[in-house]
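Quick notes on the structure that follows.
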Amino acid sequence: MAFGGFSSSATGTPRPLGATRVHPQSSVWLDGMTPTQLFVQESGPVHRLFVLGVSGARQADLKALAAGPLPADLAWRWPGAYAVVSETEHETVIFTDPAAAQPVYITRSGSGWAWSSSARLLAGLKRAPVDTQRLVTAVFTPLLPVLVANRSYFSGVEQLPPGARIRLAPCAAPQITNLWLPQPDGAPDPSGRLRVELEKAVGLGLGDGPFSTDLSGGLDSSSVTLLAARRAPDDMRVTAVTVHPDGDKSGADLRFARLVAESMPDRIEHHLLATKNEHLPYTGITDVPAADEPAPSTMAWAGLLRQLEWMAENFETRLHLTGDGGDSVCSQPPVHIADLVRHRQIRAAVDQAAGWARLRHLPLSNVLRQAVATARLSRADALEALAAHIGQGSSSVAGTVHWFPPVTLPAWAGGEALPLVRGEVERVAAATDPLRGLDAGVRTVIDEVREVARTAQADAALAADVGIQLRNPFLDASVLDAVLRVPLEARPPVYAYKPHLVRAMGRLLPGPLAARSTKGSFNADFYTGRRENLSALLGLADGFLAALGLVEPRALRRVLKQAAVGMPVPMGILDRTLAVESWLRALDRAPEPRWVEAQEGEDHG
């Protein structure tokens, strides 16, 4: 489930073992079940145009585009998650997905460049080691996706900027031009536009074979399931799957899921899957296969693998849709209040601050003071303040209305962690932001969505091993673009629960679900899983991260024991520590990706 190529169309370039070339005169290769569109313009200079990944592009679209200058919106004009690659004899031009749901990485290769959707494959080409600086941000700053910047988990392998055009030629540095800047466009019906784009994203590929959806009972998965029921061919029904604790069918989430299924009984076939003890969170997390980076599903791997295998065996599922990304795309960050202050929309700022204060049980005066202080800061200013106060627990960037949350290292942080984290913050603060001029709320959503979308590729790679394509329609660039172009005054309030999505779905949502104001909770399963798997988790404390000086094993074991008995600990960072350590062990036991030299007359796709 990967693709890649080189900075020229030379046919003598290598490819990963098992990959096939898309065209005999091209360096572009595919590995696995990546959907691909190709158009070759042969009149005049040869020009090949590839759409790599899931997209709504048609051959007629590519033919029309290949005849002239390529438009700036190539990577978000169709629904889907994809990259567009234009290849001529001496140059390769890559248009990257603004949401990073289809990331592309690059590394030097001889006098030119190799590029791929898989950072791990490129690391195999270069025999590149793991990047320790990337590890430290992955473990200790999971709520600061801004620090990822262009780093991959491998030294010398970088992620190309999302939403950009990158020109690659031998013996020259990449020429990068940012193309995507979601300024407000004043569309008269933002909820209607969200509905149109989300429905198109959900509908991709539904007629190609058996498919299923998550149906947790939340707004996001319910919306995806209902739209799939509308878009699926008439002779197909949606296989909607709800996972629930074994012996407990009384939960509120299951009640909402049933309401959704019962609202379209002729189009939705509802199936329940009970979670048993052997599928609890934290079970078998060291068995997760190696991917480009630690998978978001690491803690819940046993349950996810069981669900994927169950769907493949019972329903022959080949495509599975989830609501992942809906929280990031459809929620408004609190820093939006600072945007209102900066734009002198004081009454709206006070109203939203009051709503946020009530929701979070905070003093209104504190929220307003934070909003005014944040409105005076640029993104670079906020990063500099963050670097100055790392580890101190409180600072001018503390509170809930901020550009970035403060960084406090946990008790198990090793001696190497603090200087590395501070260095990464300073590095990003000194870099030029390609999205200057956007409101803080919009910029915050972009950072968060790109993190969620890129990491979701690790889960998709694991699902592909079972023969299932995992799709997250909320993370399509066309959906993100529709949400972020809403004018400031029309953006949803920070205290409301996804009002634009509720309005977009309209009468499709059952009334009780549309009125829902919170997400469901699965904490009980996680507490039980930590307790049942404590021995295995303790075994992760003295591993690769400890050897690098990033964690202190005794302190980590102590905190793991506290978490197992329900004591309050920083669970987000603790889970990231376990996930990264598990990933490092998976890399260590997995064979290094092999590349082979091109052979004359080799097969191509």
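The values are calculated or read from the model by the stated rules, or taken from the named source; none is laboratory data. Keep in mind that what you see is a predicted model, and the values were worked out from it rather than measured. Using ideal geometry, Cβ is built from the backbone for each residue, glycine included, and neighbour counts are taken over all protein chains shown. Remember, those area values only see protein heavy atoms, side chains included, never the ligands or the DNA or RNA. Shrake-Rupley method; radii C 1.70, N 1.55, O 1.52, S 1.80 Å.
In the stretch 38-51, the count of residues that are within 26 Å of Asn472 (Cα to Cα), without any contact (Cβ under 8 Å) to a residue 40 or more places away in the chain, of a type in the set (S, T, N, Q) and outside any loop (DSSP other than H, G, I, E, B) is zero. Mind checking whether some residue in the stretch 55-78 is in contact with a strand residue (DSSP E or B) (Cβ under 8 Å, 6 or more places away or on another chain), in a strand (DSSP E or B) and crowded, with 22+ Cβ neighbours inside 10 Å? The answer is yes, given that some residue of the stretch 55-78 is in contact with a strand residue (DSSP E or B) (Cβ under 8 Å, 6 or more places away or on another chain), in a strand (DSSP E or B) and crowded, with 22+ Cβ neighbours inside 10 Å.
Residues in the stretch 429-452 that are in a helix (DSSP H, G or I) and more than 15 Å from Ala138 (Cα to Cα): Ala429, Ala430, Ala440, Gly441, Val442, Arg443, Thr444, Val445, Ile446, Val449. Only a single criterion out of (1) open to solvent by 30 Å² or more (accessible area, probe 1.4 Å); (2) of a type outside the set (A, V, I, L, M); (3) within 20 Å of the chain's Cα centre (by Cα) is not satisfied by Asp31, namely (3).
Only residues that are under 24 Å from the mean Cα position of the chain (by Cα) and either within 23 Å of Val401 (Cα to Cα) or open to solvent by less than 30 Å² (accessible area, probe 1.4 Å) (or both) were counted in the stretch 414-433, giving 6.
Name the residue that is nearest to the chain's Cα centre (by Cα), counting only residues in the stretch 337-358 that are among the small types (Gly, Ala, Ser) and either modelled with pLDDT under 95 or within 15 Å of Leu488 (Cβ to Cβ) (or both). Give the steps one after another, and end with the answer.
In the first step, residues of the stretch 337-358 are kept if they are among the small types (Gly, Ala, Ser); the result is 338, 348-349, 353-355, 357.
Now drop any that are not either modelled with pLDDT under 95 or within 15 Å of Leu488 (Cβ to Cβ) (or both), which leaves 338, 348-349.
Numbers: Ala338: 26, Ala348: 31, Ala349: 30 Å.
Taking the candidates together, the pick is Ala338.
Of all residues being in a loop (DSSP other than H, G, I, E, B) and within 23 Å of the chain's Cα centre (by Cα) in the stretch 487-499, which is surrounded by the fewest Cβ atoms within 10 Å (Cβ to Cβ)? Just the residue, please. Filtering first and then ranking leaves Tyr497. Screening the candidates Val479, Val502, Val483 for the property of being part of a helix (DSSP H, G or I), in contact with an Asp or Glu (Cβ under 8 Å, 6 or more places away or on another chain) and modelled with pLDDT of 95 or more yields one hit, Val479.
What number of residues within the stretch 459-476 satisfy the criterion of being in contact with a Pro (Cβ under 9 Å, 6 or more places away or on another chain) and either modelled with pLDDT of 95 or more or closer than 28 Å to Met264 by Cβ (or both)? Please lay out each step first, then the result.
Looking only at the stretch 459-476, we keep the residues that are in contact with a Pro (Cβ under 9 Å, 6 or more places away or on another chain), and these are 459, 461-462, 465, 469, 473, 476.
Next, from what is left, pick out any that are either modelled with pLDDT of 95 or more or closer than 28 Å to Met264 by Cβ (or both): 459, 469, 473, 476.
Count: 4.
Scanning the stretch 168-182 for residues that are of a type outside the set (A, V, I, L, M) and at pLDDT below 95, which turns out least open to solvent (accessible area, probe 1.4 Å)? Please lay out each step first, then the result.
Residues of the stretch 168-182 that are of a type outside the set (A, V, I, L, M), as a first pass: 170-171, 174-175, 177-178, 180, 182.
After this cut, where a residue has to be at pLDDT below 95 as well, the list is 170-171.
Working: Pro170: 54, Cys171: 112 Å².
Taking the candidates together, the pick is Pro170.
Among the residues in the stretch 264-274, are any surrounded by fewer than 23 Cβ atoms within 10 Å (Cβ to Cβ), assigned to a loop (DSSP other than H, G, I, E, B) and out of contact with any helix residue (DSSP H, G or I) (no Cβ under 8 Å at 6 or more places or on another chain)? Yes, because at least one residue in the stretch 264-274 is surrounded by fewer than 23 Cβ atoms within 10 Å (Cβ to Cβ), assigned to a loop (DSSP other than H, G, I, E, B) and out of contact with any helix residue (DSSP H, G or I) (no Cβ under 8 Å at 6 or more places or on another chain).
Considering only the stretch 535-548, I want to know if a residue exists there that is in contact with a strand residue (DSSP E or B) (Cβ under 8 Å, 6 or more places away or on another chain) and open to solvent by less than 10 Å² (accessible area, probe 1.4 Å).
yes
Considered as a group, the residues in the stretch 434-454 that are among the basic types (Lys, Arg) and buried (at least 16 other Cβ atoms within 10 Å of the Cβ) include one that is nearest to Pro98 (Cα to Cα), and that residue is Arg450.
Please work out which residue is surrounded by the most Cβ atoms within 10 Å (Cβ to Cβ), limiting yourself to the stretch 277-320 and to residues that are in a helix (DSSP H, G or I) and acidic (Asp, Glu). It would help to see each step written out before you state the result.
Just the residues of the stretch 277-320 that are in a helix (DSSP H, G or I), to begin with: 277-279, 285-287, 298-315.
This time we only want the ones that are acidic (Asp, Glu), so: 278, 287, 309, 313.
On the way: Glu278: 11, Asp287: 12, Glu309: 14, Glu313: 10.
Top of the filtered list is Glu309.
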